[in-house]
Amino acid sequence: METKTFGVVGAGQMGNGIAQVAATSGLQVIMSDIKEEFVQRGLANITNILTKNVEKGKISLEEKDAVLGRIKTSIDLKDMADADYVVEAATENEPVKFQIFRDLDAICPPHVVLASNTSSIPIVRIAAQTKRPNQVIGMHFMNPVPVMKLVEVIRGLATSDETFQITWDLAIKFGKTPALSNDYPGFIANRILMPMINEAVYCLYHGVGTREDIDTVMKLGMNHPMGPLTLADFIGLDTCLAIMEVLYEGFCDSKYRPCPLLRKYVEAGWLGKKSGRGFYSYQ
């Protein structure tokens, strides 16, 4: 079936970005979260980005209003019954995601594809929470969603060809470049990225270099747009830790052991930019 209404579960940093690109592509969007303040914050972020695009001459005021007019907010997951395709963009937490998929499976019509924006949790485990594993797939957007061109498409063990094609075509419709990954913990992006970030934290932990020197080496020596410690702060140190734990558990390999310093920062509430402090201060 043609996707006309696109559901996004989660209005946070990733969720509101996904909602924005879906609405910009011409789809009707339902953006849901558990509290009104969360969806309003997400909508405000979309509005702010679109306003800046108008000021820069990238879009017209009419285009901005049209995009916002296609986004409906909700704090009731049952509203996803009106969607043709749903992406879950909740926190990187297995029990939370599993419950969302069980609920969506009961709420959404039988034809609806249920996708996850998970950055590390195997799709086969998510799909097992539903009675439609052939219609469950990974659709992993990069942050910030409106800017980054990549979407990792992850096929689970039971994902059908039709579900894959619908998802692949949607990524292209959103102006993204899809890349196919098989269903292993961390997929492609985070299986490579997170151990690099974790190793950078180990370098800081062992006193190999200061945070500034570690980031400078990777920026100027490897031509990365930002250093790994800065990137970790932007991703969220809690998210980095959660992904490393999925890799460590999934592969049972010590090379994925999270650095104790990363765990200490998370336990202290130093989660990066979103909390005002991580490896750097954002006060």
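Each reported figure results from applying straightforward, stated rules to the coordinates on display, with no laboratory input. No experiment lies behind these values; they were computed from the predicted model shown. No Cβ is skipped: glycine too gets one built from the backbone with ideal geometry, and neighbour counts run over all protein chains shown.
Structure notes:
- Charge dipole (debye, nearest 20) of the chain; +1 at Cβ of Lys and Arg, -1 at Cβ of Asp and Glu: 380
- The chain: most fluctuating residue of 117, 16, 223 per GNM, C-alpha cutoff 10 Å: 223
- Loop trypsin sites (Lys or Arg not before Pro), region 1-54, which have at most 12 other Cβ atoms in a 10 Å radius of their Cβ (DSSP): 4, 35
- For region 190-274: rounded, prolate or oblate by the Cα gyration tensor [a/c cutoff 1.5]: prolate
- Computed from point charges on the beta carbon alone (+1 for Lys and Arg, -1 for Asp and Glu), the dipole magnitude for region 61-210 about its Cα centre is near 220 Debye.
- With the charge dipole of the chain set up from +1 on Lys and Arg Cβ and -1 on Asp and Glu Cβ about the Cα centre, the Cα lying farthest toward the positive end among the listed residues 20, 214, 101 is that of 214.
- DSSP-defined beta bridges in the chain - what % are antiparallel, rounded to 5: 20
- Quarter of Cα convex hull surface for the chain, i.e. mean projection, nm²: 15.0
- Between 59, 137, 18, the residue with the greatest mean-square fluctuation in the GNM of the chain (Cα pairs under 10 Å linked by springs) is 59.
- Taking a ≥ b ≥ c as the square roots of the eigenvalues of the alpha carbon gyration tensor, region 193-233 is oblate, as a/c is not under 1.5 and a/b does not beat b/c.
- Taking a sphere under 13 Å around the Cβ of residue 142 and counting the other residues whose Cβ falls inside, with K and R at +1 and D and E at -1, yields a net charge of +1.
- Centre-to-centre, using Cα atoms only, region 224-240 and region 111-161 are separated by 23 Å.
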